[in-house]
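The values are calculated or read from the model by the stated rules, or taken from the named source; none is laboratory data. Bear in mind that the values here come from a model prediction, so they are computed numbers and not experimental data. No Cβ is skipped: glycine too gets one built from the backbone with ideal geometry, and neighbour counts run over all protein chains shown.
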Amino acid sequence: MSGIVTNLLLGTLASIIAGVAMLILTNKDDIRYYLVARRRHRVLQDTWVHYRLTRSKGSAESLWVGSTVDLHLNRFGRLRGAVVPTIKSPSEAPTQSHASASEQVERATDREALRQPAPLETAIGSFNSNSDRMSKPASLESQGVELELSRYSVGGAIRNGVMRLRLENEWTQQEPITMTYPNLQSRQLLGVWLGQDMDQRWTTSPSILSRDVLTREDLDEIALRQRVLSRVTTRHFVRFFPGEVSARWWTEVGRRTVEYVDSEGRCPRCVIEGEAREDGTDKLVFGPYERLPLVGTYEVTWRLAVHCPDTVDKKAEVVRLDVYGRDRAMGEWRLKREQVTEEYRYYSVKFPYRNPRLALEYRVSLLKKGVVARLYDVTVERPGVNDD
C-alpha cells in the first residue's frame with residue numbers, strides 16, 4: 001500500500017515539475033522580466049499625456065493631437081490601459097493612494113462612462129469630421145494642440161528595454177495602431193506612432209508620452225530628438241492610393257480602373273491606368289500638393305507597372321518620375337524601357353526638403369506614344385537617422 005502511495009506522489013511531483021518546466025519554456029520572456037526587471041519600470045504605471053503629429057483634415061498644415069493615457073503594468077512586463085480623448089495633467093489627477101473615497105468613486109464612474117461606446121453613427125461621424133468641430137478646453141487651442149477623436153483600449157509589453165503598445169479603437173472600425181518607445185528613462189518618452197490617421201491613410205509620426213501638459217513649441221523641440229534614436233528607421237511615413245482616394249490627385253491621360261490581385265478575381269483593387277497619346281509629357285498622375293511635417297531628406301516610392309510597344313527602343317526613356325515644388329523638380333528619375341516591366345515594381349527617388357511651407361507633387365509622366373502604365377500606390381517616407 002505504501003508503495004502505491006509513493007508512486008502516486010512521485011507521479012504527481014513529476015507532473016508538477018513537467019508543468020513548471022513547460023510554463024517556463026513557453027513564457028521565457030515573462031519569466032525573464034519578472035526575475036530581472038519587474039521593479040525597474042514600475043514608474044511607467046501612471047497617467048500620461050500622449051501627443052502625436054498629424055495633419056489637419058483638408059489642409060496641408062501639420063498639428064499635434066493630444067489625449068490621456070492610463071497605463072497599468074504587471075510584474076511580468078505586460079501593459080493594459082486606455083487612451084481617452086481628453087487632456088489632463090497627471091499632476092492634477094489624484095493618485096489611487098491619496099484620493100478620497102468620494103474622488104475614487106467619481107473617477108470609477110467616469111471610467112465606466114468612457115467605456116460605453118458611442119452610437120455607431122455618432123462614432124463614425126466624429127471620426128470623419130473635422131477635428132475643429134470637437135469641443136476642447138480653451139487652453140489646448142492656445143497651445144496649438146487638438147484632441148484625439150476616439151477612445152482606444154491599450155495592450156502591450158516591455159521587452160529588452162523597449163515598450164510596445166497596441167491600440168484598438170472602441171468607438172469605430174479602424175486598423176490597430178502601434179506605438180514603440182525605445183528609451184524608457186525620461187520624463188518625456190519619445191517614440192513612433194504607426195497607424196491609419198483621421199483621413200484613413202497609413203502614416204507614422206513622432207509619438208510623445210509626457211507627465212506634463214506641453215505646448216506646441218515644447219513638442220516640436222522634443223520631436224527633433226528623434227534623430228538620435230538609433231532604433232528608429234523612419235521618422236515620417238505616408239502611403240497614398242491615388243486609384244482609391246482621389247481627393248487631391250489628378251490625371252491627364254489616366255483613368256481609375258479595377259484590377260485583381262489574384263488570378264481567381266477575389267481581391268479587387270483600384271489603380272490609375274493610362275496610355276500616352278503622343279511623345280512628350282502626358283501625366284499619368286500628379287498631386288497631392290501637400291507639405292511635409294519636418295525638414296530633411298525624404299524618399300518617394302511609386303509602385304508601377306509599365307507596358308511599352310515593340311517599336312520603342314530599349315534605351316529610350318519611357319517614364320519620368322519626379323518630385324515637383326515651386327516650379328522646379330526637386331528629384332527626378334527617367335526610366336528607360338529596359339528598366340521597366342509589366343509586373344509591378346517599386347521605383348524610388350530621394351529629395352531634400354528644406355522649406356516646411358513648400359507643397360509638393362509626386363508625378364508620373366509617360367514620354368513615348370503608346371506606353372501604358374498602371375500605378376497602385378505612392379509612399380513618402382523620411383528614412384534613416386543620419387540622412388540630413
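Results, tabulated for the structure shown:
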{"read-out": "Selection count where residues are free of Cβ contacts under 8 Å to residues at least 60 places away in the same chain and under 24 Å from the mean Cα position of the chain (by Cα), scope the stretch 330-355", "value": "9"}
{"read-out": "Residues that are more than 14 Å from Ala359 (Cβ to Cβ) and basic (Lys, Arg), drawn from the stretch 282-311", "value": "Lys283, Arg303"}
{"read-out": "Conditions (1) in a strand (DSSP E or B); (2) touching a Lys or Arg at 6+ places or on another chain (Cβ under 8 Å); (3) buried (at least 18 other Cβ atoms within 10 Å of the Cβ): number failed by Met330", "value": "(2)"}
{"read-out": "Residue selected from the stretch 216-233 under the condition crowded, with 16+ Cβ neighbours inside 10 Å and of a type outside the set (A, V, I, L, M), by the criterion modelled with the lowest pLDDT", "value": "Arg227"}
{"read-out": "Selected residue (only one of Val349, Val323 is of a type in the set (A, V, I, L, M, F, W, C) and crowded, with 20+ Cβ neighbours inside 10 Å)", "value": "Val323"}
